[in-house]
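> What follows is a structure written as structure tokens; I'll ask about it next.
Please treat every number below as a calculation from the coordinates, not as lab data. Not measured: the values here are computed from a predicted model. Cβ: placed from backbone, ideal geometry, glycine included. Neighbour counts: every protein chain shown.
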Amino acid sequence: MTAPRVRFAPSPTGSLHVGGARTALYNWLFARRGGGTFILRIEDTDVERSRRELTDQILHAMRWLGLDWDEGPFFQSERGALYHEAADRLLAEGKAYRAFETPDELDAMKKSAAASGSAFRYDGRARAISKEESDRRAASGEKFVVRLNVPDEPLVVDDAVQGRTEFPAGALDDFVLVRSDGHPLYHFTVCVDDVAMGITHVIRGADHLPNAPKHVALFRALGAPLPVFAHLGMILGTDGKKLSKRHGAAGVEEFEAEGYLPAALDNFLALLGWSPGEDRERMTLAEMVSLFSLERIGPSPSRFDHEKLAWLNGQYLQEVPAARLIEMLKPFRVPDFDPELLARAIALHRSRARTLVDLAHALAIYGDDPMDFDAAGMKKFGKPDAAPLVRTLAERLSAAEPFTHAALEEAARALAAEKGLKLGDLAQPARLGLTGVLASPPLFELIEVLGKETTRRRLLAFADLLARVPAAH
Ligand code: GLU
């Protein structure tokens, strides 16, 4: 087999969502697996809806996912000449023709179709206009659209994923390639570009499957061999409905902002339709490249399970080397403290985090001293008579030698025993005073990382606060 040439062809009318990202990933994997070429083509001929910022956002998302392209980005908006040449050639060869119906005439045809209860199909009447007459009317400035002269024969879409579908002769009408204002239309530009770029495999979402017969007809008219089509099952929410905002994040940039790792998202997206076999789940991009094939893509829709993605991301998070994790946390505003301390804090908190946002949030306790205290915790432990106990604990902990979690725990246990209390009776208010909340990693490990000075300062301030509780009511 010659090396494949594939393309990802997003329309910059929205940001890159998970469906598009999966299409990009599969094309990329397929190109890399076959030593081929991955082309990026921006389909921005819809001038009103296409936006340059969205293109930039799509390129950023692809780079973030690690999907580098070999050619492009090509912008369809800059390729008008190519589409017009192709239209002229099809006209010259009689594979397309000009149709001069006015909007009013077309409306009348649509109305009469609706009245007889059928969908509008252009009946091909302008096929009868001779070449000479057509050229003359065009030259005299009469408005026309260019329509494909769809041959009266069956069309077969032989899809590598969805299987073979045969469309009987007459299934398509002579659809428009170029509008009367000269604007080339979507199906036409896609196929002209696919031919010009030597695309061998068209891998895209199954929402494009209904377009495939038109594309087959166009490839034939353009005299080009058909690419292999592979239409990927749609991505649905866990409830089986079309994926939407209701289901949570769906844009790649949202996952980035929520602290997901590109490697985890790539891994997760790869498994939405493709299965490497042998129950393999965790894979690097390089491993996916070595295993990828169209044969192992299933035709059915897949479900996007946010819970599973978060779990997988958590797994990935545990393996990132500490120095790299510190880098990755930078955009998430982690308090600025000693790098060695930060590394220790990360080691302590990462196993509870599923995203970088979770982790950054947990690390906030190493920044400023807490000002707000969990309300339920205050209700339970916020009594003035707890103040002396917290103060004594502050003294005992700062006296622990060495300042290690084992020695700290021993000091706290000794104090609890002295007062006839359980360790939890001390630990819970201490946790609240030190972090503002009642959930944290093992307390004495946390205290070891917080350090003697901070621990003492926070506990004494908390004791003062407790002593003032009634005054506050
Ligand atoms: N521009 C189309 C889209 O964003 C893709 C067309 C294609 O892959 O053929 O859905």
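> Run lengths n ≥ 4 of DSSP H only: what is the helix-derived mean residue ellipticity at 222 nm for the chain, with -39500 (n - 2.57) per run over all residues, to the nearest 500?
About -14000 deg cm²/dmol.
> Using modelled backbone amide H atoms (1.01 Å from N, in-plane), which distant-in-sequence or interchain residues come within less than 5 Å of Leu438's amide H?
none
> Excluding same-chain residues fewer than 8 positions from Lys111, which lysines have a Cα within less than 24 Å of its Cα?
Result set, ordered by chain and number: Lys143.
> Related question: If I take every Cα pair under 8 Å that is 6 or more residues apart in the stretch 136-190, average their sequence separation and divide by the length, what percent do I get for the relative contact order?
35 percent
> Lys/Arg Cβ at +1, Asp/Glu Cβ at -1, dipole of the chain taken about the Cα centre: which of Leu356, Leu465, Leu421 is farthest positive-ward?
Result: Leu421.
> Spelling out what I want: for every residue of the stretch 5-16, take phi, set θ = phi - 60°, compute 6.51 cos²θ - 1.76 cosθ + 1.60 (Karplus), and round to whole Hz; glycine and proline get x.
10, 10, 9, 10, 10, x, 9, x, 9, x, 7, 6
> Just want the ordering: Lys131, Lys383, from fewest to most Cβ atoms lying within 10 Å of their own Cβ.
Ascending Cβ contact count within 10 Å gives the list Lys131, Lys383.
> Taking 0.36 nm per residue of sequence separation and subtracting the Cα-Cα distance, how much length would be gained by fully extending the chain between Lys242 and Thr404, in nm to one decimal?
The span from Lys242 to Thr404 would gain 53.0 nm if fully extended.
> Angle, helix 306-317 long axis vs. longest principal axis of the chain, Cα atoms, 0 to 90°, nearest 10?
60 degrees
> Can you work out ³J(HN,Hα) from phi for every residue in the stretch 370-386, in order, using Karplus 6.51 cos²θ - 1.76 cosθ + 1.60 and θ = phi - 60°, giving whole Hz and x for Gly and Pro?
Working through the residues one at a time gives x, 10, 10, 10, 3, 5, 5, x, 5, 4, 7, 10, x, 10, x, 6, 7 Hz.
> Can you list, largest first and rounded to whole Å, the semi-axes you get for the chain by taking the square root of 5 times each eigenvalue of its Cα gyration tensor?
66, 23, 19
> Still on this structure, please answer the following. What pairs from Lys380/Lys452; Lys242/Lys308; Lys95/Lys131 go past 20 Å between their alpha carbons?
Over 20 Å Cα-Cα: Lys380/Lys452.
> I'd like the Karplus ³J(HN,Hα) series for the stretch 58-70: coefficients 6.51, -1.76, 1.60, θ = phi - 60°, whole numbers in Hz, and an x wherever there's a Gly or Pro.
With the stated coefficients, the stretch 58-70 comes to 5, 4, 4, 4, 5, 5, 4, 6, x, 9, 7, 10, 9 Hz.
> Here's something else I'd like to know. Over the stretch 233-379, what is the mean sequence separation of C-alpha contacts under 8 Å (at least six apart), divided by residue count, expressed as relative contact order in percent?
Across the stretch 233-379, relative contact order equals 27 percent.
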